[in-house]
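First comes the structure, then the notes that go with it.
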Amino acid sequence: MRQHWALAQLLFFIVLTLVWLLPWIANGRIYLGDDLAFHLNRVQSITQYLKFGKLGLGHVATGSFNAWGYPINLFYPAYLLWPMAALQVLFGGPLAYTLYLFIINMATLYSASFVGQRLLHSRFQGIMVAVFYAFAHYRLLDFFVRGALAEGMTFAIIPLVFYGAYSIAAGDWHRWYWLAIGMALIALTHLVSLLLCAVLVLVTLGMALIKRQNLWWRFKMLCWAVITTVFLTVTCLAPLLQQLHRVGKLNVAQFSLEDSVQQPWAFLTDSMMNRMASGHINIGLVALILLLLGIVAFRRFSPRDRYLLVLGWLFTLMATRLFPWPPFQGLLGMIQFPWRFLGIANLFVALVGTRAIVTLFGQGWRFNRTAWLTAGTGIIVLFGFFSCQGFINSSAKTNRSIRNDQYHWAATTMRNPDYVPPRSLVSLDAIETHSIEVMDTRANGQRDRTIRQLSRTVGPDSFTYRVSSQRARQTKLPHLGYQGYQVWVNGQRRHWTADQTDVIHVAIPKGQSTIVLKYVPTGIQRLSAWISGLSWVSLIGWLIRKYRRGVTDSPTQSVTVAK
C-alpha cells in the first residue's frame, strides 16, 4: 500500500510540474525577467569550467559576464547550480534550464508535502500544502517575472528550515538536524535568504512559549544546529569574508526598506487581480482567500495553528508599509526588498489554509478527499495559468524574452558590477576589451605602440596572453586583483601589484612574453572546503546510523487520511 501511495504521489507531482512549466515552454521562448540573465551567466561560468574537464565550480568567470574574470563564485555561492551546468554540458542551455526547473519544482513539492504531512498528520493534507505552496502566485512571480532563479530555488529548502525550527520549539528536539541542513542549503544557494530564514527561525522558536517545558534542552539543540550549520557552510562563508577583507565595500545596491515595500491598497488590489509584473509584487488571490479562511476557522484552531496563522499574516504584512520598517533598516537592510518575506509567508498560508479547509468543510459530512484535492488543485492551477498567459502576452511586446538560439548570447554577455569595488568601476570598459594594449593607453589617450598583444586564450580559472614589448616594463592586465590570483611570466612566477582601481600590474621583459594569470584557491579556501566536506560526510553518516537504529522521521502520531 505504501509503495502504491508513493508511486501515485510521484505521478501526481510530475503532472503538476509539467502543468507548472507548460505556459513557459509552449512557445519556445525564455523570459529573462529582471535577473535571469545574471543567473544564466553564473551557470555558464560553471559550464565552461566543466568543459575544461574539471568537476568543481570554478572561481572566476572565464566564459561569461563578458569573460574578464568576474569573481562571481567568490561572493555568490553556486553549489546548487552545478546540476544545471552539468545538464547544460549534456543537453545545451534551453533544455537544461527547463529540466532544472522541473527538478526544482519536484523538490519543492516533495519538501512542502513532507513538512505538511508531519505537522498535520495526514498524507492528504500534506499534498494539499504542497500544491498551495508550489503554485503560490508569488513563487510564479519570483521565477518567471523577476527571473530570481537562486531565490526561487530556496522555496524547496524553506520548509526544511521551518520544520527544524518547529521541531525544536515544539519539544521534538532530536530532529534539530533539519534546521542545520536547511540553513546550510540556504547559505549555499542565496545568502540574502539566509537572513530571511534567520527571521523565520526566530519567530518560529517563539512557539516554545506555548509549551514552556524543557527549555534548556531546546536551547541546547538550537546551539547544536547553529554550530553544525557553520561547519557545513564554512566552505563559502570563510572565503567570502577573506575576499571582503581585501576588496572592502562592494557595489551591491542598497535600498531603503521603507521605500521598497508595497503600498497596502496597491498590494491588496494587485493580489486580488493576480497581477504579474515586477513593479507589482503581491501574494495572489488564492493566498488571500486562504488567509481569510484561517481567520474564519481561528476559534476552532489549536494554539499551534493560531500561531501559524499569525505568522502567515505577519510575513504578508511585512511586504507592505503597514509594517514599521525604519527601525530595522540597519539590521535587515541587506535583504533590499521586504516583499521577499512573501516566500516564507506562502508556507504558512499553505499550512493554515489547508488546515482551515479541513476544519471548516471536513466536519459534519463525508469528507471527499479526491474531490477537495481536485478542486483545490484545479482552482490554483487555473489562476496561475491565466496569470502566466497574460504575462506572456504582454511580454511579447518587450525585450525581456529570448529565443532558444539567443540563449548563448544572453548567458555570456551580461555586465554586472555588484561584486566589483566602486573604485574599480572606472576601469571596467577597458577591462572588457580583453586587451593589454588598451589597458596600457597613455594618460593623453594615445596607444603605446611599443607593446602588442599577440593572442589571448582562456583555461580553467586562467587567462594566457602572448605579448611583444620593445622594452622591459610594468604592464597592466585587463583584470581586477582578488586574493588568490597568481601570475607567471615566461614560466616564472611573478609578484603582481594593484593600482588605485585594483587593476593588476606585472613586470615583463623586452621581447615576446607569455603571461599566465591563474586563480589558485587560497589556504583558507582549501581548509574551509575540507572542513565542510568532512562535516557533510559526518552528518550524513550519523543520519544513516540513526536511521538504521530505528530513529526515523516518522510522525509521532500515526498518519491518517484526513483529520
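Taking the conditions exactly as written (out of contact with any helix residue (DSSP H, G or I) (no Cβ under 8 Å at 6 or more places or on another chain), farther than 28 Å from residue 338 by Cα and in the same structural domain as residue 346 (by the TED database)), does residue 231 satisfy them or not?
Numbers: out of contact with any helix residue (DSSP H, G or I) (no Cβ under 8 Å at 6 or more places or on another chain): no; farther than 28 Å from residue 338 by Cα: yes; in the same structural domain as residue 346 (by the TED database): yes.
Answer is no for this residue.
Please verify whether the range 240-253 includes one or more residues that are assigned to a loop (DSSP other than H, G, I, E, B), assigned by the TED database to the domain that holds residue 139, of a type outside the set (Ser, Thr, Tyr) and under 19 Å from the mean Cα position of the chain (by Cα).
yes
Considering only residues that are under 22 Å from the mean Cα position of the chain (by Cα) and in a loop (DSSP other than H, G, I, E, B), which ones fall in the range 401-437?
Hits for the range 401-437 are 411, 412, 413, 414, 415, 416, 417, 418, 419, 420.
Kindly indicate whether residue 417 is under 30 Å from residue 141 (Cα atoms) and outside the structural domain of residue 70 (by the TED database).
In short, yes.
Regarding residue 8, is this residue more than 18 Å from residue 401 (Cα to Cα) and either open to solvent by 10 Å² or more (accessible area, probe 1.4 Å) or among the basic types (Lys, Arg) (or both)? Step through it out loud before you land on a result.
Numbers: more than 18 Å from residue 401 (Cα to Cα): yes; either open to solvent by 10 Å² or more (accessible area, probe 1.4 Å) or among the basic types (Lys, Arg) (or both): yes.
Yes, satisfied.
Determine the pairs where a residue that is surrounded by fewer than 19 Cβ atoms within 10 Å (Cβ to Cβ), located within the range 95-120, has a partner that is of a type in the set (Val, Ile, Thr) with Cβ atoms under 8 Å apart, the partner being 6 or more residues away or on another chain.
From the range 95-120, the pairs are 98/25; 102/17; 106/14; 106/17.
Is it fair to say residue 291 is part of a helix (DSSP H, G or I), farther than 30 Å from residue 425 by Cα and either open to solvent by less than 40 Å² (accessible area, probe 1.4 Å) or acidic (Asp, Glu) (or both)?
Numbers: part of a helix (DSSP H, G or I): yes; farther than 30 Å from residue 425 by Cα: yes; either open to solvent by less than 40 Å² (accessible area, probe 1.4 Å) or acidic (Asp, Glu) (or both): yes.
Here the answer is yes, as residue 291 does meet what is asked.
Report, by residue number, each residue of the range 475-484 that is open to solvent by 10 Å² or more (accessible area, probe 1.4 Å) and in a strand (DSSP E or B).
476
Evaluate the range 402-410: report whether one residue or more is modelled with pLDDT of 85 or more and open to solvent by 60 Å² or more (accessible area, probe 1.4 Å).
The answer is yes, given that some residue of the range 402-410 is modelled with pLDDT of 85 or more and open to solvent by 60 Å² or more (accessible area, probe 1.4 Å).
Among the residues of the range 114-137, are any on the phi < 0 side of the Ramachandran plot and in a loop (DSSP other than H, G, I, E, B)?
Yes, the range 114-137 contains a residue that is on the phi < 0 side of the Ramachandran plot and in a loop (DSSP other than H, G, I, E, B).
Working only within the range 173-216, note down all residues that are open to solvent by 30 Å² or more (accessible area, probe 1.4 Å) and either at pLDDT below 90 or at positive phi (or both).
173, 174, 209, 210, 211, 212, 213, 214, 215, 216
Any residue in the range 264-292 that's under 16 Å from residue 313 (Cα atoms): show its pairings with residues that are assigned to a loop (DSSP other than H, G, I, E, B) at Cβ separation under 6 Å, as long as the two are six or more apart or on different chains.
264/322; 267/282; 271/282; 271/283; 271/284; 284/274; 285/274
Taking the range 279-288, which residues are assigned to a loop (DSSP other than H, G, I, E, B) and either surrounded by 16 or more Cβ atoms within 10 Å (Cβ to Cβ) or hydroxyl-bearing (Ser, Thr, Tyr) (or both)? It would help to see each step written out before you state the result.
Pass one, the range 279-288, residues assigned to a loop (DSSP other than H, G, I, E, B): 279-284.
Answer for the range 279-288, where residues must be assigned to a loop (DSSP other than H, G, I, E, B) and either surrounded by 16 or more Cβ atoms within 10 Å (Cβ to Cβ) or hydroxyl-bearing (Ser, Thr, Tyr) (or both): 280, 281, 282, 283, 284.
Residues of the range 222-278 being open to solvent by 30 Å² or more (accessible area, probe 1.4 Å), β-branched (Val, Ile, Thr) and closer than 29 Å to residue 416 by Cβ, which ones?
Of everything in the range 222-278, those that are open to solvent by 30 Å² or more (accessible area, probe 1.4 Å), β-branched (Val, Ile, Thr) and closer than 29 Å to residue 416 by Cβ turn out to be 230, 234, 252.
Hey, could you check the range 128-156 for residues that are open to solvent by less than 10 Å² (accessible area, probe 1.4 Å) and over 18 Å from the mean Cα position of the chain (by Cα) and say which is modelled with the lowest pLDDT?
Top of the filtered list is 128.
If I filter the range 327-369 down to residues being not in a helix (DSSP H, G or I) and not polar (S, T, N, Q), which single residue comes out as modelled with the lowest pLDDT?
365
Cβ-Cβ under 6 Å, sequence separation 6+ or interchain: first residue in the range 334-357 and more than 30 Å from residue 251 (Cβ to Cβ), partner among the β-branched types (Val, Ile, Thr). Which pairs?
345/316; 347/158; 350/129; 351/129; 354/129
Open to solvent by 10 Å² or more (accessible area, probe 1.4 Å), under 26 Å from residue 380 (Cβ atoms), more than 18 Å from the chain's Cα centre (by Cα) and not basic (Lys, Arg): does that describe residue 66?
no
So is residue 493 without any contact (Cβ under 8 Å) to a residue 60 or more places away in the chain, open to solvent by 10 Å² or more (accessible area, probe 1.4 Å) and part of a strand (DSSP E or B) or not? Can you show your working first?
Working: without any contact (Cβ under 8 Å) to a residue 60 or more places away in the chain: yes; open to solvent by 10 Å² or more (accessible area, probe 1.4 Å): yes; part of a strand (DSSP E or B): yes.
Considered against the rule, which asks whether it is without any contact (Cβ under 8 Å) to a residue 60 or more places away in the chain, open to solvent by 10 Å² or more (accessible area, probe 1.4 Å) and part of a strand (DSSP E or B), residue 493 comes out as yes.
The values are calculated or read from the model by the stated rules, or taken from the named source; none is laboratory data. For clarity, every value in this text was computed on a predicted model and none was experimentally measured. In this analysis, Cβ positions are derived from the backbone assuming ideal geometry, glycine residues included, and neighbour counts consider all displayed protein chains. The area values use the complete protein model at the heavy-atom level, side chains included, leaving out ligands, DNA and RNA. Shrake-Rupley method; radii C 1.70, N 1.55, O 1.52, S 1.80 Å.
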